[in-house]
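To start, the structure itself, in structure tokens.
What follows draws every value from the coordinates through simple rules; no lab data is involved. Since we're looking at a predicted model, the values are computed, not measured.
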Amino acid sequence: MANDAVFRASLVWLAAVIVVVGVCTESFKKMLLTYVVGVLGISGLLLPDWGYFDRDFSRWTSPVSAEERASEVAQRSGLIRRFIKNPMRLVAYATVYGFALHKWWMFISS
């Protein structure tokens, strides 16, 4: 349930950013782009079932058992630990989100 609270708080912050962008730029198109980039960014971080994807690739075709789910919940200690476990995920996310943020900023500031 903590993930749901983080998701809701992220959407509220996104709404605040959208309002600020709208007030500063007076552009509906820039507000819409901010909404799309924000929702995709938040969804990419918070919505995937990481317990499912953290397993070996060959096991993705089978559902997660109750024992695996229980061990994953017991080991979970937050977003930072998730990225330390898999540094390639951190590099991929930093590259994709950095590029998207750069493109968004260039569009908003023009």
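Would you kindly derive the ³J(HN,Hα) couplings of segment 22-39 from the backbone phi angles with the Karplus curve 6.51 cos²θ - 1.76 cosθ + 1.60 (θ = phi - 60°), listing them in order in whole Hz, with x for Gly and Pro?
x, 5, 6, 9, 6, 10, 5, 4, 6, 5, 5, 5, 4, 4, 5, 4, x, 5
Mind checking the full-extension length gain between residue 92 and residue 65? Use 0.36 nm per residue of separation minus the Cα-Cα distance, one decimal, nm.
So the extension gain works out to 6.9 nm.
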